[in-house]
Amino acid sequence: MIAHSNFKTSYLAGKGHSPPNLPSMRRSSPPPTTVFTKEEATESPTMKRCRQAKSKAEPNTLGDIEDINFSKKEIPEIRSSLLKWYDENKRDLPWRRISKNGDNDGVSVEERERMAYAVWVSEVMLQQTRVQTVIDYYNRWMEKWPTIHHLAKADIEEVNELWAGLGYYRRARFLLEGAKMIVEDKTEFPKTVSSLRKVKGIGDYTAGAIASIAFNETVPVVDGNVIRVIARLKALSSNPKDSKTVKNFWKLAGRLVDPSRPGDFNQALMELGATVCTPLGPSCSTCPISHQCHALLLSTKDKSVQVTDYPMKVVKAKQRRDFSAVSVVEIVEGDVSQSDSRFLLIKRPDKGLLAGLWEFPSVLLEGETDLASRRETIDNFLKQSLGLDIRKSCKIVLREEVGEYVHVFSHIRLKMCIELLILNLKGGKKFMQRMQESATLTWKYVDGEALSSLGLTSGVRKVCTMVEKFKQNRSNSVPAKRRKRQKEKTANEMEC
């Protein structure tokens, strides 16, 4: 699946995210945030959120969200209740074991930087990914690259190999590039939001998380969990994807942050959204700040109102339907024994979607097409991109359809039509050398063992699994067919 002047490309990837113009991986984009202490917080002048005199409770909307605030009484109550709950109920996660439970006095520079690196890696991995999925990846990452200096010495091939299956591969590339940038500057690890934002790949959310957790800077973080908690605390029905609304969520979060434990408070707010104040089944009876929750109050006064009404549900864009032809090209030399076979892999461009990842030859189709058209498209791609003319320079040992597989992205449903193409090259290694010289793309061919250990996307691995199952079923069916023919032959002889 390679960009080519005559061919569009397909998207074989684990947990793919977007077409070539990927959006920023930040969870949200705030303005520069002013953080208020509990003494500086002011009371809401109008309390428009409490329209309880009406027969039907009305939520706050974009028109009055800028007037919404946390009162002098609410702020210390929320801070105290939430931090107490967090201390008693926080999940035991590997990246949290590095911290000092909020007490950073006397922590060495090296320890702070190690903590900052751990927070950075974990927060990037957690973007759009479940915690339970991340834990194993995080542990293997930290074992291989325990410090930012170890990571800075790695190359993109190593990073992609370890990241394989986690998806959103641009995150891994930015982690590597950011680590190299910091180490090459030969300065200390950036400590503030403003300095962290200068590092490639670090957005507002990640900068806030690192600065508050590792360096005790009193700054907020806002992700989907935080937006949900604050939206329910203030019964805000505005569109959570709207840029103006998001800016105001950052301001509200900034006013809540506890100056004495900013990192723990930010984690507590996110933890509450992830485990208690969930999207569909919030556990309001166990919520430590339910007494301050305006959405819960409205739901008790009006049965037509539910806590889950907040924040507003945003209709997701309809998924685009794409189609691609995928050819698993297996090359055998000399004897057609497949024990010495190699698989052809093509490297994607270094920039753009799934940059630098290895895939089987694939071409994005205009729509659903028949078998003959798909094969013609693949043949043309191999000839023009690799100089591989399968009709002149190869003997086709086997070419069969393996099946279809639908790979689901957040915005795309990609239907892949997969074939197995086994070739015996004329000229062997000499021809392979000529291919290398004439190819317009970077390619390699690897044996089955190497293929299984490569850092391939989950989509490519699914194709591998389908091909292996197909070959196994085919090999099992051959003896059965032979036995059937022998049985028929014996029966005919007996009749004679």
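So here's what we get for this one:
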item: Shape call, the stretch 394-473: gyration tensor on alpha carbons, a/c limit 1.5; result: prolate
item: Residues Ala154 and Asn473, FRET efficiency given R0 of 45 Å [Cβ-Cβ distance, rounded to 0.05]; result: 0.70
item: Surface per residue (accessible, 1.4 Å probe) for the stretch 307-459, Å²; result: 48
item: Residue-span extension gain [Ser452 to Arg434] - 0.36 nm each, minus C-alpha spacing; result: 3.8 nm
item: Probe 1.4 Å, accessible area per residue of the stretch 111-218, Å²; result: 41
item: Restricting the stretch 368-433 to GluC sites (Glu not before Pro) in coil, as DSSP defines it, with at most 16 other Cβ within 10 Å; result: Glu368
item: Anisotropy class of the stretch 396-438 from Cα gyration tensor, a/c 1.5 cut; result: oblate
item: Selection of GluC sites (Glu not before Pro), the stretch 175-229, meeting DSSP coil and at most 16 other Cβ within 10 Å; result: Glu188
item: DSSP-assigned coil residues among trypsin sites (Lys or Arg not before Pro) in the stretch 230-321, each with at most 10 further Cβ atoms within 10 Å; result: Lys303, Lys316, Lys318
item: Apportionment of accessible area to carbon and sulfur, the stretch 180-271, percent (1.4 Å); result: 49
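The values are calculated or read from the model by the stated rules, or taken from the named source; none is laboratory data. Only a predicted model underlies this, so the values are computations on that prediction, with no experimental measurement involved. Cβ: placed from backbone, ideal geometry, glycine included. Neighbour counts: every protein chain shown. Heavy atoms of the whole protein, side chains included, go into the accessibility calculation; ligands, DNA and RNA do not. Shrake-Rupley method; radii C 1.70, N 1.55, O 1.52, S 1.80 Å.
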